[in-house]
Amino acid sequence: MKHILAVLVENKPGVLVRVAGLFARRGFNIESLAVGRTMDPGISRMTIEVDADEETLEQINKQLNKLVNVIKISNLTQEPYVDRELVLIKVNAPASSRAEIQQIVETFRAKIIDVSLQSLIIEVTGNEEKLEAIQSLLSHYGILEMVRTGKIALLRGSKTTKNGEVK
Amino acid sequence: MKLTGAQMVVEALKRENVEVVFGYPGGSVLNLYDVLYDSDIRHYLSRHEQGAVHAADGYARVTGKPGVVFTTSGPGATNAVTGIANAYMDSVPLVVFTGQVATTLIGTDAFQEADMFGITLPITKHNYLVTDIQELPRILKEAFYLATSGRPGPVLIDLPKDIQQQQAEFVYPEEVNIPGYNPTYEGHPGQVNRAAKAIARAKKPVIYAGGGVVSSGAHELLLKLAETTGIPVATTLMGMGGFPSDHHLALGMLGMHGTYWANMAVHEADLIMAIGARFDDRVTGKLDVFGQNAKIVHIDIDPAEIGKNVKADIPIVGDVKLVLTELLKKVKPKEHKEWLARIDEWKKEAPLRYNQAEDGEILPQYVIESIYNVTKGEALIATEVGQHQMWTAQYYRFKKPRSLITSGGLGTMGFGLPASIGLQIGAPDATVFCIAGDGSFQMNLQELATAVAYKIPIKVAIINNRYLGMVRQWQELFFNKRYSSVDLQKSPDFVKLAEAFGAVGLRAEKPAEVIPTIEKAIATPGPVVIDFRVRPEENVFPMVPPNHAISDMVRGE
């Protein structure tokens, strides 16, 4: 089962390699990873998506907690949450198919952020389903290159991750 | 007060009451050694950095204080890696300082540069690369705190040369503030209650005691718990001495080379109380049948150990000492006559035994039991790794905590000799034996020079079977006696070798010479190496073949 973990870490050199190394060394798989600063410049938030059964998830949680620079881990998938990911897609777009592509972009509420004679770069934000749908449609025109940020997520409502801690 | 980085380190050592440093100087720690030159801290110069770390490890295990190590950058630091990994696996508190090239040179493949932060990430409890002298006082304070609190372990500080030279205001923090680090010491009262109820209900209970009993200083509480509840106690290799081996409730060691009765008791138990232990594969054998009939109580300070290998029915995260204190308030006196009688039958069925013929070859077990008899079990023992290590666990009946210093988790050949040096430094009045194999002795024998230089009177008993004995045993049992690369016939003459180092060398070749030679070694001042020429193809039994249930033991001839 997939889980999204919000991991608050001290913003110190090497902390990413500590977390990534732990996953590699203990044979845990990272599905996606996004890192950025929080409102507190001393603390970063890692959003890690993992595919793990209950026991493995418990070990991931405990082993992460053992890292001195890890402050808190919350399993967002235990509560209602929203998640988003941003993708940039460079798609083959000669004049003949440009109109169709623009229609797709509109339907998905995506944005064209770069235009050249032969190609477009499309920016699209959404959950995994939406991103896969647009990717699948655009693949008919030929995707030249694509980059994804990895998932980020928050709990729904006024609840913050403080209340959603994994035991 | 303004201090250089190097001065800060030595000042912090004083504040942390560090009396002893083990190390080896070099280009990147000249400043540190220059400050050390004026201080009262005793420095022991090893002959290899691995030896320095193992010595610090032995010192830490016997004293309970953190071991401190200095090495230079690059090869000096990488040489320390095995020692650090060893301490990490056995949860030994160390603070290791490695010199590093100047911050301006980091990342340029400079002379004697190695990425120690990266290399030691997976083998330290925590590590630091100091890039700003302002942070050094805090890092020093944190390092000692992390190494010694919670589940102890090694902490490494990589210290660039220019940071050692720079000056800054030094204020040693009174307290640490590490938001992500809050070890749990007190056991959950509800869980402790449940454990007490499980004890009250159990008919065939067993305690499985590990190194956590020793490191938290809970041996007396364990004894009280066992005596009150009548529960027999099996110990792991790391737990040896945590419960007196001569006690009527002592089952000896469990696991791969544990006693038959300890393993049978654990296999048939209806309650297993794992205390400061981590269900290592050498203990559990085949995991899915381990303790299959038992309710499992697991007490450990590291939450990540609970449920890692074996699912605990009653998990208790906390310091063994505090948890047992609470548990003792809840348990009622009990006896288990039938259960103990059953265990006794197993004991009679397959006792530990060997048959030393008077005119035959010396048996290794006889040497170890003789060391026990001659020293009345009062000697402190360090071992290397292999057959002799298992025989030591079987035949030296440890009575006191911190009396066996051995490499449990990593199984590091070459650990014993340097560790025995650190052990003797930490316990200067004790009789210290290093029980070694001829193979592992040769892995760090250069440290004999350290022992001679500082007149450290360790007695090294080489159980010399002219083989890599444990590997040969596996080849005999599981590879059809195809003895691939285990022949050590062409080893040096250990008596002459000892003499060349300035130590005393003795040899025993007949059973009748064993006891007099041990007595002579003890009576001889300074380091002594004894070459016990033992039967080459003796095996360690009983034995649980790999991936078998622990009840499935090969008992031997």
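The values are calculated or read from the model by the stated rules, or taken from the named source; none is laboratory data. The structure presented is a predicted model; accordingly, all values stated were derived computationally and were not measured. For neighbour counting, all protein chains shown are included, and Cβ atoms are generated from backbone atoms with ideal geometry for every residue, glycine included.
Looking at this structure, is B:L423 at pLDDT 95 or above, under 12 Å from the mean Cα position of the chain (by Cα) and hydrophobic (A, V, I, L, M, F, W, C)? In short, yes. Looking only at residues in the stretch A:1-11 that are within 11 Å of chain B (Cβ to nearest Cβ) and farther than 18 Å from A:L155 by Cβ, the one that is surrounded by the fewest Cβ atoms within 10 Å (Cβ to Cβ) is A:E10. Quick one: in the stretch A:76-92, which of the residues that are surrounded by fewer than 18 Cβ atoms within 10 Å (Cβ to Cβ) and not in a strand (DSSP E or B) is nearest to the other protein chains (Cβ to nearest Cβ)? Looking at residues that are surrounded by fewer than 18 Cβ atoms within 10 Å (Cβ to Cβ) and not in a strand (DSSP E or B), I get A:Q78. Annotation note: of B:A430, B:A382, B:A419, the sole residue that is in contact with a helix residue (DSSP H, G or I) (Cβ under 9 Å, 6 or more places away or on another chain), under 23 Å from B:G526 (Cβ atoms) and assigned to a helix (DSSP H, G or I) is B:A419. Of the residues B:Q394, B:Q389, B:Q356, B:Q365, the single one that is in contact with a Leu (Cβ under 7 Å, 6 or more places away or on another chain), touching a residue at least 12 places away in the same chain (Cβ under 8 Å) and either in a helix (DSSP H, G or I) or within 14 Å of another protein chain (Cβ to nearest Cβ) (or both) is B:Q394. Going by what's in this entry, would B:G76 be described as away from chain A (no Cβ under 14 Å), crowded, with 20+ Cβ neighbours inside 10 Å and within 30 Å of B:K455 (Cβ to Cβ)? When the stated conditions are applied, B:G76 passes them. Considering only residues in the stretch A:12-22 that are modelled with pLDDT under 95 and not small (G, A, S), the one that is surrounded by the fewest Cβ atoms within 10 Å (Cβ to Cβ) turns out to be A:P13.
For the stretch B:291-305, filtered to residues that are in a loop (DSSP other than H, G, I, E, B), surrounded by fewer than 24 Cβ atoms within 10 Å (Cβ to Cβ) and modelled with pLDDT of 95 or more, the residue that is nearest to the other protein chains (Cβ to nearest Cβ) is B:D302.
Could we say that B:I106 is among the hydrophobic types (A, V, I, L, M, F, W, C) and in a helix (DSSP H, G or I) here? Taking the combined requirement at face value, the residue does not satisfy it.
Checked against the criterion of being of a type in the set (V, I, T) and closer than 22 Å to B:F22 by Cα, the candidates B:I106, B:I133, B:I119 yield just one match: B:I119. What are the residues in the stretch B:269-322 that are of a type in the set (K, R) and either within 23 Å of B:P546 (Cα to Cα) or without any contact (Cβ under 8 Å) to a residue 24 or more places away in the chain (or both), if any? B:R278, B:R282, B:K286, B:K308, B:K311, listed by residue number. The residues in the stretch B:276-290 that are crowded, with 24+ Cβ neighbours inside 10 Å, away from chain A (no Cβ under 14 Å) and out of contact with any helix residue (DSSP H, G or I) (no Cβ under 6 Å at 6 or more places or on another chain) can be counted, and the count is 3.
This table checks each residue for (1) in contact with a helix residue (DSSP H, G or I) (Cβ under 6 Å, 6 or more places away or on another chain); (2) among the hydroxyl-bearing types (S, T, Y); (3) within 14 Å of chain A (Cβ to nearest Cβ); (4) surrounded by 15 or more Cβ atoms within 10 Å (Cβ to Cβ).
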| site | (1), (2), (3), (4) |
| --- | --- |
| B:I163 | yes, no, no, yes |
| B:E175 | no, no, no, no |
| B:E186 | yes, no, no, no |
| B:V192 | yes, no, no, yes |
| B:K203 | no, no, no, no |
| B:G211 | no, no, no, yes |
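Taking B:Y181 as the residue in question, decide whether it is in the same structural domain as B:Q7 (by TED's automatic domain parsing) and farther than 17 Å from B:I316 by Cα. No: the conditions fail for B:Y181. Taking the stated definitions as given, is A:A110 more than 22 Å from A:V15 (Cβ to Cβ) and free of Cβ contacts under 8 Å to residues at least 12 places away in the same chain? Taking the combined requirement at face value, the residue does not satisfy it.
Against the test of being more than 25 Å from A:A20 (Cα to Cα) and touching a strand residue (DSSP E or B) at 6+ places or on another chain (Cβ under 7 Å), the options A:V87, A:V91, A:V70 yield a single qualifying residue, A:V91.
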